[in-house]
1. Identify, from the list Ile172, Ile148, Ile179, the residue that is surrounded by 22 or more Cβ atoms within 10 Å (Cβ to Cβ), touching a helix residue (DSSP H, G or I) at 6+ places or on another chain (Cβ under 8 Å) and farther than 24 Å from Arg235 by Cα.
2. Return yes or no: is Thr142 assigned to a strand (DSSP E or B), among the hydroxyl-bearing types (Ser, Thr, Tyr) and at negative phi?
3. Pull out all pairs, ordered by first then second residue, where Cβ-Cβ is under 8 Å, the residues are six or more apart or on different chains, the first lies in the range 101-120 and is farther than 22 Å from Arg160 by Cβ, and the second is hydroxyl-bearing (Ser, Thr, Tyr) and assigned to a strand (DSSP E or B).
4. Assuming Val89 fulfils every condition listed in (1) open to solvent by 10 Å² or more (accessible area, probe 1.4 Å); (2) in contact (Cβ under 8 Å) with a residue 24 or more places away in the chain; (3) within 17 Å of Tyr218 (Cα to Cα); (4) β-branched (Val, Ile, Thr) apart from one, which condition is it?
5. Taking the range 161-181 on its own, how many of its residues are closer than 27 Å to Pro221 by Cβ and in contact (Cβ under 8 Å) with a residue 12 or more places away in the chain?
6. I'd like to check something: does the range 341-355 contain any residue that is in contact (Cβ under 8 Å) with a residue 24 or more places away in the chain and among the charged types (D, E, K, R)?
7. Would you check which residues across the range 232-243 are surrounded by fewer than 19 Cβ atoms within 10 Å (Cβ to Cβ) and modelled with pLDDT of 75 or more and list them?
Amino acid sequence: DSTAEVQLAAQSTIPNRDFVLDFRVAGDTVKSNLMTYEDPQSGQGYFTMMLYPPTGHESFARQPMEMVFVLDCSGSMNGQPLTQAKNAVSVALDHLQEGDTFQIIRFSENSTQLGARPLPATKENIRIARKYLARLHGTGGTQMIEGIKAALDFPHDESRLRFVSFMTDGYIGNELEIIGAVHDRIGAARIFSFGVGSSVNRYLLERMAKEGRGAVAYLGPQDSGEDIMANFFGRISHPALTDLEINWGGMAVSDVYPAKIPDMFVGRAVVVTGKYLGGANDVSVSGYRGADRHEMTVNAADDSNKAQVSRIWARLRIADLADRQAWQQDPHGELENSIRATALEYQLMSDYTSFVAVDTSQQTDGEYGVTVHQAVPVPDGVRYETTVE
């Protein structure tokens, strides 16, 4: 009941697309679990707390929103990816209600936008937005930093939740600059990144969503933009809990990741991990459901067999240190040293502890090595002539 084996049906399939496995863990109410583990030698404690939202959002009040749609209109998005992204935004416009506002921003080598400020979600403004969408096409390079600035630099309306939806394949070369810009500008906004295409830059999209206290979703070539956007819009307009806070009681915790606790939305679990000393206890989690503050208790479950909890913590620590390199630049190598030390202590792969196997059982012909050019297929659904310069 707890094990599944998955394999490709055709071994000759060219691996030029993402492999996606979907599964669901949810029920009728919020489910929670706090796993703890204490190292028998050092006495150091580790914990992982999981909060699973219920399956449906119907019981949660809808909140006024400020929706900002940011579309990648570079050459790599030309054709089906951009068509899917535009269709998804068009569906989202149908879900806007009175009291909501919206903005549409496009970027490639520069950025332009529908209006000087977010527009009220009136029928006339939505009609204008559809005409603006219809004129968009894919061309040029990808300067996502311009889209970041345009989406996050204007003043925030505190009466509405601001959601910024980036729709891109992420084919850029300055991921660290982008993540750093999100970190510096995010403020009270939430970022939901949509990966469009068959082989998107998951590293970039997941880090953007993490820094933006949001989530990431993927829109494959065969997926329905209408279904995915309708599902997404239902979740963000009816959040299960926002602005989460944790009362640890007498539990002496440290090194908690993620440092910014994300909001809880239907279909998106919240996972928090950290270290503690002196024993574990039940903790209290609170957040807003609409205008009301809601609180619940999460019971601690000690299990001496869950030594993997310490590695869960170490993985998230390495990821957090790597993200900090994006905006701190690490001129003296302190973050690099911390990543390396953590990876070695907990026996994990990282940017500085990868393993290379050298086969010395055979020697190639000749007296010196040769370079072999290995062809790399263009991702499925992407046109070579509009992507590779």
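The values are calculated or read from the model by the stated rules, or taken from the named source; none is laboratory data. Just so it is clear, the model here is predicted, and its values are computed rather than measured. Cβ atoms come from the backbone with ideal geometry, glycine included; neighbour counts cover every protein chain shown. Calculation scope for accessible area: heavy atoms of the full protein, side chains included, ligands and nucleic acids excluded. Shrake-Rupley method; radii C 1.70, N 1.55, O 1.52, S 1.80 Å.
1. Ile179
2. Spelling it out, it is not the case that Thr142 is assigned to a strand (DSSP E or B), among the hydroxyl-bearing types (Ser, Thr, Tyr) and at negative phi.
3. Pairs found: Arg106/Thr112.
4. Looking at each condition in turn, Val89 falls short on (1).
5. Total meeting the criteria: 14.
6. There is at least one residue in the range 341-355 that is in contact (Cβ under 8 Å) with a residue 24 or more places away in the chain and among the charged types (D, E, K, R).
7. Going through the range 232-243, the residues surrounded by fewer than 19 Cβ atoms within 10 Å (Cβ to Cβ) turn out to be 234, 242-243.
Correct list: Thr242, Asp243.
For every residue, the table says whether it meets (1) open to solvent by 10 Å² or more (accessible area, probe 1.4 Å); (2) under 21 Å from Asp263 (Cα atoms); (3) modelled with pLDDT under 85; (4) in contact with a Phe, Trp or Tyr (Cβ under 7 Å, 6 or more places away or on another chain).
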residue: His156; (1), (2), (3), (4): yes, yes, yes, no
residue: Ala189; (1), (2), (3), (4): no, yes, no, no
residue: Gly197; (1), (2), (3), (4): yes, no, yes, no
residue: Glu206; (1), (2), (3), (4): yes, yes, no, no
